[in-house]
Amino acid sequence: MPPRKKAKPGATFEDFTDPPAERPSLYHDEHTHFEKVGGSIQQSQTLVEVPPSPVKKRQGMTPAGGSATATSGTSGESEIDTTSAWLESMHLAPSLWDEPEPVSDGPKEPGESEKKRKRTQGDDPLKLFTEKIDEYVEEMLRLEGLGSQLLRARLFPSTTIDPRTACTFRVLETYQMLSFTGKISAYEFLLAIFRRTDNTWNVTPNGRADQSGDLMLKEQHKEFMRMVHEWRFLRGMKRMGRGHEAGGVAGTKEGEGALLCPACPQLGINMPPKWKSIPRAKRWLYALFLAMDANFRLRRKDVSTEEQDPGLNRGYAYIVNELGYKEFLEQFGGDVLDDKSTCNTHDTIKSANIRGGKGIAASGLGAVQCSHHDMRRPIGAGDLQKGERYCNMDYVMLQTLASSLKIPQILFLSYDIACVGRTDGEAPERGWSISNQLASSTREMGPGNRRDTLDDNFGNLNWTKTVGMAHTLAHRAAVALEKREEQVEAFKEFAAALPLASRKKWTQAVQAWEEDQEKLNPYDNEQTVLTQAAVRKRLAEEDKEALREGVIEKVHKDVTCSMFIMQGIELEELQHRVEKEAGGLTSGSTDFDRSIVLERGNALYHWVEAWVTLQRLYAPKSALLRVESEDRDVSTLSPWTIPLYLPSDSNNMLACYDRRLIRYEFQFRIAQAESTLKTLRGLLLYQAHMVNSKKAYTSGTIANTRSNVLIQDVADRINIEVEKYKKVRIHLTQLWSSLKKGSLADLKSEADWESVLLELKPEDVAGVTSMEQIGLGEGDKTLTWIWTVAGTGHETSEVVNTALQIEFCRARARAQRWQEECLLLAEEMIRVECFFTWDSARWVKRAEGLEKLVNAPMDPNLSPYQKWEAKQRKQINRGKMAFAWRQASLRSALHNKARATHSDFIVWLQKDQDIIECNT
């Protein structure tokens, strides 16, 4: 084995493995196929592409044998005169190495010469690199064919002038992938490198631990972070084809560095040319579904500045251009006062911003993404400064919409949920759950590095979604086909037993409401039932009056006392719901089902955590009780088992709350109990109707089995409501035990609640007895007390009619939404295949254009320098061509995978084109 070459003094190279003793091959196995496709590849035996100076000796990498002259390859070209080429290159182009610049250290004595030093990266951290970005991209693309010098030897320097530290490409590639998959920080990665090299890295020769290892690690960390910052950006530009465009990186428009969603409609890419001629009733298939949301975990501390840590991605990918964003906020940020949101979840998450505003440069990140596929939008994210303000979110939304002319004219936009098909309203939360793992490292970064790091990770998230899109859509299709059949049959069976006149009347009513939602809502019960929304409005007005009169103090600018209690009750219900979903998982549950429950649990944990922060303000004593009662970290608990410690939870908690808050919970619980009874009555009527329908119209084993499953499902829902009412009444009893000891002047309307909301016994859970011979408006009805609660004192026929109308509309909506989901999935599968075909053709066009340049003969009349320059350009184009063929092949493989995975799904999904109506 030949001896290893000694490194230049002061040079440091980090890698997992020792470099090979022999010179690396000029070709890379993974690109052999694409080079062959590109035509004859010229080979060179030298690793030095810049001709050496005939008068000045430079340290560089030379081939075995020590020759530093460029020799001709196998193409038959004449040998280049290196001396002439060097002299001409010095005259026509500046050297890659800057000359020393004079440095003044103070007043000089006459005749004293000035000291000179090399310019270093510290003079301007990224300016020198920024000026050479296109050169770096081209050199990285050259690697697809040939390679030499530092980059061509797969060494990435920490500076562009006189580099003394470098990382191998393998180190940077490994760290980048680990940051995607494990979200580890650069410091942790470097520590692993140090210990992999020497596991006693922080121990002196005498065996004592010292700080020298830590100091060395910190010094290398700064240089490593700079290399990682540049590496992320260069690879992103390379993969998005900026090295193949005439304008290069400098000519990149905002948003062009972002991966597009292959399933979303893109004009001119994956949509029919005459999509506008499609009937209006079907045009929603070509709508773009977007969701807006904010994440307050992706905060950034007020460290560094834009001057010290500038970003390289200037709006090229997913985060908006910071310069234009700040100018907009300075101009319009103070003009519009944000309205207080009426969404309790919105306010709860905003309350997370209470903890520590000092020393925070960005309070979070606002973003827009496609809600149906959970992919980030081009220039669809921006930093937040003062919570989720309209000014910030509007700018981000308008920027992403203006980023491309390929966006269709139909748009569904929401913060939480869109109501066509089965749109994934939880997509933003799922995306944030992945990004949140970066929060601990990005919050310590400077502004530019943080933005570019998030851009890189958003790109990885989009690429992961793109590669798995075919499988995702196929899985959704399998579920949708099963649900469509189930819900359509259930609706048909339910409607078949109803009078035709009722079906026509209710269908007309719901269709009119869908066209104009100012009309009467057929899903609403006209009977007077106390709702939580009504109580919330009444108590909000009471809070406002109490604050005006100074009876209570303002604790939080957005969340009032009543909203705080209301949010706690809703979180309690959400805990029960997620717990039920988690309990429903079995050994046969799919990974997708498990991931959905996990993501909902993660979101629930964050909401509970934010609400507990509010609890410390409104009930400080509860915080002490929480600490005393919890014997382990709350983060180790399942989110549905974290105690909320509402006033009604125990006698100890009653002592922690003000009487006003106890009364507020009591009034909310009254409304909760009445709403639960209302739902229970509807389910009992629905159950009786389904039983009668089964007796009258169902025959055969398959039909009976399906009917039994539906009836059992209703019975399970009834049991859930019964248990819910019982728990609510226990809470009421607990609260009343405290309230009745004081004045009841503010509880006059609720004072007799015990005589109205009775204890629910098994015999009370019964429908109308004559429903066994159902006939709308016929017979005498014997009712239990649940039918005589305030708000239900109507004729029994009216009660039955109203309940059946609501269930008819709901059954219709369930069937139609699954039908829409099937049609939408079929269209998305077609769009994915068209997108990959378009993307592959785009790379093929680039490769074919470069192939012509590579195979073009060299002009013999060129000067030595021009010949050398032409040779360099051919090698770069050869690398670009190989890379383009590789990308085209990759997109073609994704297209073939999509076609094979979708298989017959598209035909099955499009089988039922007409949306069901049971009005004839």
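The values are calculated or read from the model by the stated rules, or taken from the named source; none is laboratory data. Since the structure is predicted, the reported quantities are computational estimates derived from the model, not experimental observations. Here the Cβ positions follow ideal geometry from the backbone for every residue, glycine too, while neighbour counts run over all protein chains shown. Remember, those area values only see protein heavy atoms, side chains included, never the ligands or the DNA or RNA. Shrake-Rupley method; radii C 1.70, N 1.55, O 1.52, S 1.80 Å.
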Region 254-340: trypsin sites (Lys or Arg not before Pro) falling in loop per DSSP and having at most 15 other Cβ within 10 Å | Lys274, Lys340
With every protein chain kept in place and a 1.4 Å probe, region 644-702 has an accessible area per residue in Å² of 34
Of Lys544/Lys724; Lys678/Lys724; Lys253/Lys880; Lys695/Lys726; Lys678/Lys741, those spanning more than 24 Å from alpha-carbon to alpha-carbon | Lys544/Lys724; Lys695/Lys726; Lys678/Lys741
Give a quick list of GluC sites (Glu not before Pro) in region 508-600 that DSSP marks as loop, anything other than H, G, I, E or B, with at most 13 other Cβ atoms within 10 Å.
-> Glu518, Glu526, Glu553
What size of dipole, in debye to the nearest 20, comes out for region 214-326 about its Cα centre when the only charges are +1 on Lys and Arg C-beta atoms and -1 on Asp and Glu C-beta atoms?
-> 820
Amide H contacts under 5 Å for Arg377, placed H, 5+ residues apart = Val368, Cys370
For region 439-556, which whole-number percentage of the solvent-accessible area (1.4 Å probe, protein heavy atoms only) is attributable to carbon and sulfur atoms?
-> 49
Please express the Cα-Cα pair-distance distribution P(r) of region 818-920 as a list of whole percents, one per 10 Å bin, running from 0 to the bin with the greatest distance.
-> 14, 26, 19, 15, 11, 8, 4, 2, 0
Stretchable slack from Asp134 to Gln331, in nm (0.36 nm times residue separation minus alpha-carbon distance) = 67.5 nm
Measuring with a 1.4 Å probe in the full set of protein chains, what accessible area per residue, in whole Å², belongs to region 501-595?
-> 61
